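S.K.: Please read through the structure below; I'll follow up with questions.
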Amino acid sequence: TPFAGVDGDYRSKASGTWDAIATWEKMVGGIWVASPDFPSTTTNTVTIQNTHIVQVITSQRNVKNLVINTGGKVFTNNSATNLYINVYGNILCNGTLGNGATYDALGLNIEGILDTISGNGSISLVRIRKNTATNLSTSLFINADIRLNWSSTAGTGALYNACSSPAANQFNVTLNVGKTITTNTGGVICIDGTNGQQTGNDSYGTFLINGTLKIGRAHV
């Protein structure tokens, strides 16, 4: 793993919900101890260990880095309500993020300055977006195969910039060579809001596609 444990980091110690203290250990004084809380900070790394399944039940939980080891899994286990993890650093997924071929309402808000998604695991999400102006410019580098399953409203964003204030905020996405993003038939790729026509302040950014982008529905 590229993320060495430091004080304040979390790792799973059992399967359970994200919000349950019993799911986690926390590094304190250089050792792992029973956690007094659950992870939701912008400065710490969260690691899901082999065989552990963590269910997200509340939206807007924060992480700096999220590491899902082989055999680990993070999902919502629901298809009705979108729940987002706010990421301020990197994701390394060698396990499962989402629920594979089964529709799962887990999304990512990419909110750091320089973020990456990498790994050889299964990544199947409802959406990836920039949602806030915590950092005016966010650059996301994708070095993984990702399925985006948004389908509730045809012609709305699966990968997009949702932040319109302040004006001129940017979401810059690079898809690396040999990697593929695939959207559902209802999902689109756009910069300015969910349909590319956000009212009010415009959202900006770039898509640099060095791999393969398979769009289920085009919207210009």
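S.K.: Please give the residues of region 84-98, grouped as numeric ranges, whose backbone N is less than 20 Å from a label point set 7 Å along the Cα-to-Cβ vector of Thr132.
M.R.: 84-91
S.K.: Would you mind pulling out the separation of the Cα centroids of region 1-45 and region 81-114, in Å?
M.R.: 18
S.K.: Would you kindly calculate the translational diffusion coefficient of region 45-159, applying Stokes-Einstein with the Kirkwood radius from alpha carbon pairs, for 37 °C and a viscosity of 0.692 mPa s, and quote it in µm² s⁻¹ without decimals? Walk me through the numbers before you get to the answer.
M.R.: Details: Rh = 13.9 Å.
The Stokes-Einstein estimate is 236 µm²/s.
S.K.: Could I ask something else about it? Can you give the % of DSSP beta bridges in region 1-131 that are antiparallel, to the nearest 5? Walk me through the intermediate numbers first.
M.R.: Details: 7 of 40 bridges.
Just about 20 percent of them are antiparallel.
S.K.: For Rg/Rh (Cα atoms, Kirkwood Rh), one of [x] 1.02; [y] 0.94; [z] 0.96 was computed from the structure I shared and the rest are decoys. Which label?
M.R.: Given [x] 1.02; [y] 0.94; [z] 0.96, the calculated one carries the label [z].
S.K.: Taking only protein heavy atoms into account and a 1.4 Å probe, give the accessible area per residue of region 1-106 in Å².
M.R.: In whole numbers, region 1-106 has 41 Å² accessible per residue.
S.K.: Then there is this: Would you kindly find the accessible area of Arg11, with a 1.4 Å probe and non-protein molecules such as ligands, DNA and RNA excluded, rounding to the nearest 10 Å²?
M.R.: My reading of the accessible area for Arg11 is about 70 Å².
S.K.: Using a 1.4 angstrom probe on the protein heavy atoms only, could you order Lys214, Lys26 from most to least accessible area? Walk me through the numbers on the way to the answer.
M.R.: On the way: Lys214 110, Lys26 35 Å².
Result of the area sort, largest leading: Lys214, Lys26.
S.K.: Moving on to the next point. Full extension from Ala80 to Thr43: what is 0.36 nm times the residue separation minus their Cα-Cα distance, to one decimal in nm?
M.R.: Values: separation 37, 0.36 × 37 = 13.32 nm, distance 2.99 nm.
Stretched fully, the Ala80-Thr43 segment lengthens by 10.3 nm.
S.K.: Then there's this: What relative contact order, as a whole-number percentage, does region 59-103 give when Cα pairs under 8 Å and 6 or more residues apart are counted?
M.R.: Value for region 59-103: 53 percent.
S.K.: Taking H as built 1.01 Å from N, whose amide H comes closer than 5 Å to the amide H of Ile68, not counting residues under 5 places away?
M.R.: Result for Ile68 returns Ile48, Leu92, Cys93, Asn94, Gly95.
S.K.: Still on this structure, I have one more. Could you give each residue of region 21-37 its phi-based ³J(HN,Hα) in whole Hz, using Karplus coefficients 6.51, -1.76, 1.60 with θ = phi - 60°, and x for Gly or Pro?
M.R.: 4, 5, 6, 10, 10, 10, 7, 9, x, x, 10, 7, 10, 4, 6, x, 8
S.K.: OK, next. Could you tell me what percent of the accessible area of the chain is made up of carbon and sulfur, with a 1.4 Å probe and every protein chain present?
M.R.: 51
S.K.: If you don't mind, there's one more thing I want to ask. If I build a Gaussian network model for the chain, linking alpha-carbon pairs within less than 10 angstrom, which residue out of Ser15, Ser124, Ser79 has the largest mean-square fluctuation?
M.R.: Ser79
S.K.: Please calculate the 1.4 Å probe accessible area of Tyr10, with all protein chains present, and give it to the nearest 10 Å².
M.R.: Rounded to the nearest 10, that gives 10 Å².
S.K.: May I pose another question? Any idea of Trp150's accessible area? Nearest 10 Å², probe 1.4 Å.
M.R.: 20
S.K.: Assign one of three labels to region 1-41, namely rounded, prolate or oblate, based on the Cα gyration tensor with a ≥ b ≥ c the square roots of its eigenvalues; rounded applies when a/c is under 1.5, prolate when it is not and a/b is larger than b/c, and oblate otherwise.
M.R.: Prolate is the answer for region 1-41, as a/c is 1.5 or above and a/b outweighs b/c.
The values are calculated or read from the model by the stated rules, or taken from the named source; none is laboratory data. Remember, it's a predicted structure, so these values are computed and weren't measured experimentally. All Cβ positions, even for glycine, are placed from backbone atoms using ideal geometry, and neighbour counts span all protein chains on display. Remember, those area values only see protein heavy atoms, side chains included, never the ligands or the DNA or RNA. Shrake-Rupley method; radii C 1.70, N 1.55, O 1.52, S 1.80 Å.
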